[in-house]
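**Student:** Have a look at this one.
The values are calculated or read from the model by the stated rules, or taken from the named source; none is laboratory data. Please read these numbers as outputs of a predicted model, since none were measured by experiment. So basically every Cβ, Gly included, is an ideal-geometry build from the backbone, and we count neighbours across all protein chains shown.
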Amino acid sequence: MAEEDIPQETYERKIDVSEKSESPQYTEFYTNFAECGFTPWDIRLLFCQTGETGLTKMATVIMAPAMVKALVNLLNVNLKGYETDNGEIKLPESLVRQAAELNKAREAKAKAEAAKTSVEPQAAPPKK
């Protein structure tokens, strides 16, 4: 069966979100620190609390990249609504600088990886 012959509803999973049940493991907690990492298959979000003794890990959430993108969209919609009602959230300059440095390091790493995998054209051997 060709892909164009597969009905669209096969790709869409309908979920009734009006009724929610709680897992026995369900919990709520406050977090004031988060880290993010990824593999080729998933993205991991680590949530922590900072305190006098350092960081306390609260939970790690592991998600498919597509779900993370959907979550980012959901968070952006809610953040814009929050800022509309309460004013713009100003981030400390140190966080803005840290994010810029992280992006710069990731770009440099990606560039180095790309350079390692690219094939350099070799000069023709000298004629005898």
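**Student:** Answer with yes or no whether Asp42 is acidic (Asp, Glu), touching a strand residue (DSSP E or B) at 6+ places or on another chain (Cβ under 7 Å) and without any contact (Cβ under 8 Å) to a residue 40 or more places away in the chain. I'd like the intermediate steps shown before the answer.
**Tutor:** Numbers: acidic (Asp, Glu): yes; touching a strand residue (DSSP E or B) at 6+ places or on another chain (Cβ under 7 Å): yes; without any contact (Cβ under 8 Å) to a residue 40 or more places away in the chain: yes.
Yes, satisfied.
**Student:** Does Leu45 fit the bill of being of a type outside the set (Asp, Glu) and within 11 Å of the chain's Cα centre (by Cα)? Show your work before the answer.
**Tutor:** On the way: of a type outside the set (Asp, Glu): yes; within 11 Å of the chain's Cα centre (by Cα): yes.
So Leu45 passes the test.
**Student:** So, one more: Tell me which residues, restricted to segment 72-92, are exposed (fewer than 10 other Cβ atoms within 10 Å of the Cβ) and charged (D, E, K, R).
**Tutor:** Asp85, Glu88, Lys90 - these are the residues of segment 72-92 that are exposed (fewer than 10 other Cβ atoms within 10 Å of the Cβ) and charged (D, E, K, R).
**Student:** Quick one: Arg97 ticks every box in (1) in a helix (DSSP H, G or I); (2) in contact (Cβ under 8 Å) with a residue 12 or more places away in the chain; (3) basic (Lys, Arg) except a single one, so which number is it?
**Tutor:** Against the list (1) in a helix (DSSP H, G or I); (2) in contact (Cβ under 8 Å) with a residue 12 or more places away in the chain; (3) basic (Lys, Arg), Arg97 comes up short only on (2).
**Student:** Identify the single condition in (1) among the hydrophobic types (A, V, I, L, M, F, W, C); (2) over 21 Å from Ala64 (Cα atoms); (3) at pLDDT 95 or above that Phe29 does not satisfy, given that it satisfies every other one.
**Tutor:** If we test Phe29 against (1) among the hydrophobic types (A, V, I, L, M, F, W, C); (2) over 21 Å from Ala64 (Cα atoms); (3) at pLDDT 95 or above, just (3) comes out false.
**Student:** Considering only segment 117-126, I want to know if a residue exists there that is acidic (Asp, Glu) and either surrounded by 10 or more Cβ atoms within 10 Å (Cβ to Cβ) or at pLDDT 90 or above (or both). Full working, then the answer.
**Tutor:** So in segment 117-126, the residues acidic (Asp, Glu) come out as 120.
Next cut, either surrounded by 10 or more Cβ atoms within 10 Å (Cβ to Cβ) or at pLDDT 90 or above (or both) only: none.
Looking through segment 117-126, none of the residues is acidic (Asp, Glu) and either surrounded by 10 or more Cβ atoms within 10 Å (Cβ to Cβ) or at pLDDT 90 or above (or both).
**Student:** So how many residues does segment 47-93 have that are of a type in the set (Phe, Trp, Tyr) and either out of contact with any Ser or Thr (no Cβ under 6 Å at 6 or more places or on another chain) or in a loop (DSSP other than H, G, I, E, B) (or both)?
**Tutor:** Keep residues of segment 47-93 that are of a type in the set (Phe, Trp, Tyr), which gives 47, 82.
Now restrict to residues that are either out of contact with any Ser or Thr (no Cβ under 6 Å at 6 or more places or on another chain) or in a loop (DSSP other than H, G, I, E, B) (or both): 82.
Residues flagged as of a type in the set (Phe, Trp, Tyr) and either out of contact with any Ser or Thr (no Cβ under 6 Å at 6 or more places or on another chain) or in a loop (DSSP other than H, G, I, E, B) (or both) within segment 47-93 amount to 1.
**Student:** Let me ask you something else. Taking the condition of being surrounded by 10 or more Cβ atoms within 10 Å (Cβ to Cβ) and within 26 Å of Ala110 (Cα to Cα), how many residues in segment 48-71 meet it?
**Tutor:** 11
**Student:** Only one of these is touching an Asp or Glu at 6+ places or on another chain (Cβ under 8 Å) and not aromatic (Phe, Trp, Tyr): Leu74, Leu55, Leu45, Leu79. Name it. Steps first, answer last, please.
**Tutor:** Values: Leu74 fails: touching an Asp or Glu at 6+ places or on another chain (Cβ under 8 Å); Leu55 fails: touching an Asp or Glu at 6+ places or on another chain (Cβ under 8 Å); Leu79 fails: touching an Asp or Glu at 6+ places or on another chain (Cβ under 8 Å).
The conditions single out Leu45.
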